[in-house]
1. Regarding residue 55, is this residue at pLDDT 90 or above, under 12 Å from the mean Cα position of the chain (by Cα) and loosely packed, with under 13 Cβ neighbours inside 10 Å?
2. Give the stretch 48-99 a look and list any residue that's within 25 Å of residue 115 (Cβ to Cβ) and part of a loop (DSSP other than H, G, I, E, B), or say none.
3. If you take the residues of the stretch 35-52 that are surrounded by fewer than 19 Cβ atoms within 10 Å (Cβ to Cβ) and within 12 Å of the chain's Cα centre (by Cα), which of them is nearest to residue 109 (Cα to Cα)?
4. Report the residue count in the stretch 100-130 for those that are in a loop (DSSP other than H, G, I, E, B) and either touching a strand residue (DSSP E or B) at 6+ places or on another chain (Cβ under 8 Å) or in contact (Cβ under 8 Å) with a residue 12 or more places away in the chain (or both).
5. Quick check on my filter: what residues within the stretch 42-75 are closer than 22 Å to residue 15 by Cβ and in contact with a strand residue (DSSP E or B) (Cβ under 8 Å, 6 or more places away or on another chain)?
6. Determine whether the stretch 10-23 contains at least one residue that is in a helix (DSSP H, G or I) and more than 18 Å from residue 110 (Cα to Cα).
7. When you check residue 26 against the structure, is it more than 14 Å from residue 122 (Cβ to Cβ), surrounded by 13 or more Cβ atoms within 10 Å (Cβ to Cβ), modelled with pLDDT under 85 and over 13 Å from the mean Cα position of the chain (by Cα), yes or no?
8. Could you give every pair whose Cβ atoms fall below 7 Å, whose first residue belongs to the stretch 54-66 and is without any contact (Cβ under 8 Å) to a residue 60 or more places away in the chain, and whose second residue is surrounded by 14 or more Cβ atoms within 10 Å (Cβ to Cβ) and in a loop (DSSP other than H, G, I, E, B), counting only separations of at least 6 or pairs across chains?
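The values are calculated or read from the model by the stated rules, or taken from the named source; none is laboratory data. Source: prediction; values computed, not measured. Cβ sites come from the backbone with ideal geometry, for glycine too, and all protein chains shown count toward neighbours.
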């Protein structure tokens, strides 16, 4: 497990966590999960100095809830994660439209150079409820 953490490295998680005012440095699968959340949560074309970063999954929320929506969202999410998170091998990406305003992405991946498999569920909302 120590070699895996060495391969993954350490860094700031998203969202940034503080401990007594000092940023918490994450490592291992927590860092990878944080990285995937950042990739999926950032819309491509909106990041200063790196407009390609992120994904376009949130743009398909307006589409009808059908097989085309699920297939398109799965492809866009897979491409974004594969492009920006090189420490993993994606096993599966599944999309479910829970409600008219909510999609859920279920991502199953394996950390390269190990047998560690993990999964992540990432929700997308059309609008935020306050």
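1. Here the answer is no, as residue 55 does not meet what is asked.
2. Within the stretch 48-99, 85, 86, 87 qualify.
3. Taking the candidates together, the pick is 37.
4. 8
5. Result: 42, 43, 44, 54, 55, 56, 57, 58, 61.
6. The answer is no; no qualifying residue exists.
7. yes
8. So the pair list comes out as 54/42; 54/44; 55/44; 56/44.
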